[in-house]
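J.: Take a look at this one; I'll ask things after.
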Amino acid sequence: MANYRLPGTTAMPSGKGRGHPARKWALSNETTMPGRNRQRAARTEQEDWLDNHHQEWGRKGATLSDKTARKEDGLTEDEIIDAVNAGSLDYRVGSVYGTPWFRLLRREVEHLVEVRRGRPYLDERRAKAELAKVDADLTRLRGDVAVLEERRSKLLAELSG
């Protein structure tokens, strides 16, 4: 991942000094007229789409990392980079302990997998991922039940003895 750099990108964005993008958008859509109240300009369909698209990045479960996309959906790193360069996938760059990673929109990744490999492949991968999660939960719960049963038997022994 560290070997790749997308065209037109420079160093990792620091996020300092640019202000909140939503506030800049709101300021650009207000007109100030002397002696009158501020009036908001009429929104276009494109502005509505952009606003909803911006909100999608903050919605729980709507994004996933490139590593998760590779693991769950069977994509390769090269396929992800090619789709980003082609404009098929939107991304945001994240960094953990200096290691960069891509944050991708889940619906766009699913669409990419569906186009490249077909809907049955996508459904099978999702079912396998959910099955693995259920199995892990069952294993954890079995351990919890064993601990509780042991505790219960000790309490019963104290009461009877």
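J.: ALA127 versus SER95, label points 7 Å from Cα toward the beta carbon: distance in nm?
T.: Between ALA127 and SER95, the label points sit 4.3 nm apart.
J.: Now for a separate question. Which residues in region 118-158 place their backbone N less than 20 Å from a point set 7 Å from the Cα of LYS71 along the Cα-to-Cβ direction?
T.: 122-141
J.: Once you have all Cα-Cα distances for region 119-161, histogram them in 5 Å bins from zero and send the whole-percent values.
T.: Here the calculated profile for region 119-161 is 5, 21, 12, 12, 12, 8, 9, 6, 6, 4, 3, 2, 0.
J.: By per-residue mean of other Cβ atoms within 10 Å, what is the highest-first order of 146-158, 102-114, 70-82?
T.: Packing order, densest peptide first, comes out as 102-114, 70-82, 146-158.
J.: Note the direction-averaged projected area, equal to a quarter of the hull surface, for the Cα convex hull of region 42-161, in nm². It would help to have the intermediate numbers written out before the result.
T.: Working: hull surface 53.8 nm².
In nm², the orientation-averaged hull projection of region 42-161 is 13.5.
J.: Kirkwood hydrodynamic radius (Cα pairs, Å) of region 52-104?
T.: 11.7 Å
Values in this text are rule-based calculations from the coordinates and carry no lab data. Computed from a predicted model, the values in this text were never measured in an experiment. With ideal geometry, Cβ positions are generated from the backbone for all residues, glycine too; neighbour counts draw on all protein chains shown.
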